[in-house]
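First the structure, in the form of structure tokens, and then the observations on it.
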Amino acid sequence: MAVTGSSKPSSSEPSAGEPSSNEPSSIGPSAGEPSSRTPPESEPEVRTVAGVLRGGREAGLAVFRGVPFAEPPVGALRFAAPRPVRGWDGVRPAVAYGPPPPQSGLLGASQDAAGDDWLTLNVWTPDPDPEAGLPVMVWIPGGGYAMGTSSLPEYDAGHLARGGVVVVTLNYRLGIEGFAQIEGAPANRGLLDQVAALQWVRDNVRMFGGDPDRVTIFGQSAGGGSVAALLAMPRASGLFRRAVAQSVPGTFFSPELAADVAAACAAELGVRPTVSSLSEVSPALLPAAGDAIAATTVRRRERWGRIAHRPIPFAPVVDGDVLPATPWQALAGGAARDVGLLVGHTRDEHRLFSLIDGVLGQVTREQTETALRMLAPGPDGARRYREAFPAAADEELYELVNADWLFRMPSLHLAGAQIAGGGRAHLYELTWPAPGLGGALGSCHGLDVPLVFGNLSSGQPAVLIGDPPSPAAEELSARIRGAWTAFAAQGDPGWPPYDAGRRLAQLFDTPSTVAAYPEETSRLLWQDHTFPPLPLLAG
């Protein structure tokens, strides 16, 4: 992937929509109505391509929230590729987060429908001077491609930005709106939203003190999967120099599987899976249909295969256009050889899901056999797992095969694909056993989020850290933040690159060490697996 950046607006037509115009937009008060009053000394102002923004100051940083990077994807723009935001006159306040995209409520995510300006981003900067030239980090939230919003307290970027970087966090369309395979709509609209946000960064971040030639994208879980997808997308080429992929899921859909899931969601709503039919349904009603399908995927196990086991109704679609190939195939072919990659996972990736599913500490032999049969690679994968881990009880095998299939091996294979394609990758594993919740979850999925952002006592993942955070947790968080910001600044997180010989990885713990990748048994079990697009099993 060639890396080119510019502080000037692109003169060519953006791939995610039409060029913006200077006509005033119909911005209501809730979206930030432009004003012309003179700002106090403490209120920073920045002129973007679309108009002037007025932010606020927090602990030495200039912060801008709820900045639109595209027009609201409603009305005539429903299920379309994002269009750049229209310009405005006067000064637009940027002090409140934009509304979250419509999303799943299965895990208690926000159902706030106050406004349809979902495509917004937020900026934290130590120095909003166009000459500052600071590294830029762009965060893509996770949430199973069905939930998530940049306004969550765990994503407050104050601690990271004070490490000398400009941090941008963004929203993108989720669930049916963003990822369903709909007749008459472009595939992967959520990924196209991310590209549009990165185009905004390219065209505007210099005015916030950032260097558009030193942009690093980073994300966790579905955000990590999005990072992996962006590495493989021609439309994203040149929009970032480095990438941090945390807990990359291996779930990428074939068009046939995605279309079948979309048809099931549409049937739940009593409509057809087309733009014209789904556009008649309020955006607020779509997530419930996705939740209903997710709750009943087990009934479709013979048809949908592995995604019915977890369940995972939405994921990026390898459609041949927006996403021409899986990230592993694309990177092995050299698609991102010019992009620095930092990738890794937690040790106990699946324990959090076992807790959510109500099976932690209660996994049966039947559940283990089903998981091994569904997820282990190859026709004799279940037997090979039991032979490879002869001392493992059923619950341990259940956790291992789920973690390996969903996050651990996809993350490891992404590093392998990058170096196979002539690029450079750094690998890590978070092995620190978190003390929160009695230590029951170990180093589980999501533990890296509070450590990366330094928000150890705010947001839901903070319960994993313990109250109050220990000095060890504070020290580990500082170490991880330092590694991420150093990688964004210079491309070196502080340990040797991964290679197929030594397979060195940074093991984040107290203390942290550099050692050979520790999940060697799993690596050997999965070494011949390619993580192809997940197929539709029955027509």
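The values are calculated or read from the model by the stated rules, or taken from the named source; none is laboratory data. This is a predicted model, so every value here is computed, not measured. Virtual Cβ from ideal backbone geometry, glycine too; neighbours counted across all protein chains shown. Ligands, DNA and RNA are excluded from the accessible area calculation, which covers all protein heavy atoms including side chains. Shrake-Rupley method; radii C 1.70, N 1.55, O 1.52, S 1.80 Å.
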Equivalent-ellipsoid semi-axes (√(5λ), Cα gyration tensor) for the stretch 188-239, whole Å, largest first? 20, 12, 10
Starting from the Cα gyration tensor of the stretch 267-339, take the square roots of the eigenvalues, sort them a ≥ b ≥ c, and report rounded, prolate or oblate (rounded when a/c is under 1.5, otherwise prolate if a/b is larger than b/c, else oblate). oblate
Suppose the chain between Ser458 and Asp380 were pulled fully straight at 0.36 nm per residue; how much longer would it get relative to their current alpha carbon spacing? 23.6 nm
With label points set 7 Å from each Cα along the Cα-to-Cβ direction at Ala516 and Val74, the distance between them in nm comes to 5.7
Restricting to Cα pairs under 8 Å and 6 or more apart, the percent relative contact order of the stretch 47-111 works out to 38
Could you give the length gained by full extension between Glu475 and Leu285, i.e. 0.36 nm per residue of separation minus their alpha carbon distance, to one decimal place? 64.0 nm
Could you give me the percent of Cα pairs per 5 Å distance bin for the stretch 463-539, shortest bin first, beginning at zero and ending with the bin that holds the maximum distance? 3, 11, 14, 16, 15, 14, 12, 7, 4, 3, 1, 0
Cα-projected label distance for Ser277 with Glu256, points at 7 Å along beta-carbon direction, nm: 2.1
So what's the angle, to the nearest 10 degrees on a 0 to 90 scale, between helix 365-375 and the longest Cα principal axis of the chain? 60
Per residue value of the accessible surface for the chain (all protein chains in place, 1.4 Å probe), Å²: 36
Rg and Dmax of the chain, Cα atoms, in Å? 22.2, 72
Ranked by how many other beta carbons lie within 10 Å on average, peptides 314-322, 43-51, 152-160 from highest: 314-322, 152-160, 43-51
I'd like the orientation of helix 286-295 relative to the chain: the angle between its Cα long axis and the longest Cα principal axis, in ° from 0 to 90, rounded to 10. 10
How much mean residue ellipticity at 222 nm does the chain get from its helices, if each DSSP H run of length 4 or more adds -39500 (n - 2.57) and you divide by all residues, to the nearest 500 deg cm²/dmol? -8000 deg cm²/dmol
Output for the stretch 248-404 (equivalent-ellipsoid semi-axes, sqrt of 5λ from the C-alpha gyration tensor, Å, descending) is 31, 23, 14
Computed from the beta carbon distance with a Förster radius of 51 Å, FRET efficiency for Asp89 and Ala391 to the nearest 0.05 stands at 0.15
State, to one decimal in nm, how far the label point of Arg57 lies from the label point of Ala500, with both points 7 Å from Cα in the Cβ direction. 5.5
The helix 189-204 Cα axis meets the longest alpha-carbon principal axis of the chain at an angle in degrees, between 0 and 90 and rounded to 10, of 50
Neighbour net charge for Leu441 - beta-carbon separation under 10 angstrom, K R +1, D E -1: 0
What does the convex hull of the alpha-carbon atoms of the stretch 391-474 project to on average, in nm²? 7.2
For the stretch 376-438, what is Rg from Cα atoms divided by 2.2 N^0.38 Å, rounded to two decimals? 1.41
Rounded to whole Å, √(5λ) for the Cα gyration tensor eigenvalues of the stretch 427-469, largest first, gives 15, 13, 7
Per principal axis, largest first, the Cα atoms of the stretch 393-537 extend in Å by 45, 42, 28
Could you give the length gained on full extension between Val49 and Asp338, defined as 0.36 nm per residue of separation minus the Cα-Cα distance, in nm? 101.2 nm
For Val298 and Asp467, what does the FRET efficiency come to when R0 = 45 Å and r is the distance between their Cβ atoms, rounded to the nearest 0.05? 0.80
Between the stretch 503-520 and the stretch 154-225, what is the separation of their alpha carbon centroids in Å? 29
If you roll a 1.4 angstrom probe over the protein chains with everything in place, what fraction of the accessible area of the chain belongs to carbon and sulfur, to the nearest %? 52
The summed charge of the Ser512 Cβ neighbourhood (under 12 Å; Lys/Arg +1, Asp/Glu -1) stands at -2
Mind checking the alpha-carbon convex hull of the stretch 56-131 and giving the volume per residue in Å³? 146
